[in-house]
1. Can you confirm whether residue 128 is closer than 30 Å to residue 11 by Cα, in contact with a helix residue (DSSP H, G or I) (Cβ under 8 Å, 6 or more places away or on another chain) and touching a residue at least 60 places away in the same chain (Cβ under 8 Å)?
2. Among the residues that make up segment 32-39, is at least one of them in contact with a strand residue (DSSP E or B) (Cβ under 6 Å, 6 or more places away or on another chain), closer than 29 Å to residue 148 by Cα and surrounded by 14 or more Cβ atoms within 10 Å (Cβ to Cβ)?
3. In segment 347-363, is there at least one residue being in a helix (DSSP H, G or I), surrounded by fewer than 19 Cβ atoms within 10 Å (Cβ to Cβ) and more than 34 Å from the chain's Cα centre (by Cα)?
4. Being surrounded by fewer than 22 Cβ atoms within 10 Å (Cβ to Cβ) and touching a strand residue (DSSP E or B) at 6+ places or on another chain (Cβ under 6 Å) is the filter here, so list the residues in segment 217-235 that pass it.
5. Take residue 255 and tell me if it is surrounded by fewer than 16 Cβ atoms within 10 Å (Cβ to Cβ), modelled with pLDDT under 95 and in a loop (DSSP other than H, G, I, E, B).
6. Just to be sure before I move on: is residue 463 part of a helix (DSSP H, G or I) and touching a residue at least 24 places away in the same chain (Cβ under 8 Å) in the structure I sent?
7. What single numbered condition from (1) outside any strand (DSSP E or B); (2) touching a helix residue (DSSP H, G or I) at 6+ places or on another chain (Cβ under 9 Å); (3) within 17 Å of residue 375 (Cβ to Cβ) fails to hold for residue 288?
8. Inspect all residues belonging to segment 381-395 and state whether any of them is under 26 Å from the mean Cα position of the chain (by Cα), at negative phi and modelled with pLDDT of 90 or more.
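The values are calculated or read from the model by the stated rules, or taken from the named source; none is laboratory data. Since this is a predicted model, take the numbers as computed values, not measurements. Methodologically, a virtual Cβ is constructed for each residue, glycine included, from the backbone with ideal geometry; neighbour enumeration extends over all protein chains shown.
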């Protein structure tokens, strides 16, 4: 194939492969070199004044090269110093080196990883620099980075390019790591035990969501990927544990939008012998701890206002919440027909098979929830939309359930867990009936879980949030805060 039929990327790649071969011929194989460095570039920068004049060996990634006669200036970065540090290559300093200045000009490119040994000093412009006397190419890059990356689809597909180009993207994932670190740290501080739940299940439950399915070859059976850890974490409680949690992946076969992913990380805890009010106070302390340590403040900017997360969050019952934020007395609509009539007036779309609970949830989500910006605990959800929550002893038509609502989003979910096996079976059967009528997000009957309840579990509260909480607090779409979101295959 002639050069005229190759793309510019292919030409560059071939040129760089040739350079890698020439480096190998000179005794510098850029794919088997072992790295040596005395310190990170951040340490180098911080210690510069005290070690100026010393010889150091350091390494990094070349983000910029500028040649001027017999001198070359490079900006080299590592993860500790995204702005980079200056390495200066001079012809006279490299005369006796294994690779000389001519080799540097001809064989080294932007994007290469390099190790240098040299003297620390100031450049003529007064910039801290390493004056290189010896260098090795640690990795030869075959593609140069684009100058900018604006296409959102390419950003998600080639997130490693996005991360290399934009240190602020790496910072998102550093913060996300802290978010989960401080969640775990808080739970361990209060003697919760981190345990695991299966990913493959015969019957999946713990949430209203459509599951993924897969085939197990060795057992020759179909399984579901879990949509929640809930039912297995509560099995731990049935087995005698009292304080358990997990931070793990869930899988839900639902639509993609700014708050939903099909594969995502979720945190859940279950606490035996706790009561609902105690769980709410604990959960509020947990979230404040995580926000404070992740963002270094409890005052976060939302659009053009500051939200103070340090205050005590008000608690509103389900119907109070809807009346306050949407002006609708929803409890007056006591049949599914009345709710569908209201939905028609509000121009809301729904499925013919949607039952009473699904319609309640739709109207609440479309009318009231988007208007709640400052944190509010939504409590006392109707039984029809809370199949796993314990009934409120003061109002048997509502449940001891909580959701933190802020920024117009549902950020958490918490329950005083249902431990009545007869009531639980009846609610499972009601959910299964909805499923049989075509509601593929309704729960399945989990007879083994009902059996676990029949052996008895103590009064228990549970609470959960997912990486949605982090993305909402960052005010970014959830795919933006997910390093490698699942995407449709490129053609």
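1. Considered against the rule, which asks whether it is closer than 30 Å to residue 11 by Cα, in contact with a helix residue (DSSP H, G or I) (Cβ under 8 Å, 6 or more places away or on another chain) and touching a residue at least 60 places away in the same chain (Cβ under 8 Å), residue 128 comes out as no.
2. no
3. No.
4. 222, 223, 224, 225
5. Yes; evaluated as a whole, the condition is true for this residue.
6. No.
7. Condition (2) is where residue 288 drops out.
8. The answer is no, given that none of the residues of segment 381-395 is under 26 Å from the mean Cα position of the chain (by Cα), at negative phi and modelled with pLDDT of 90 or more.
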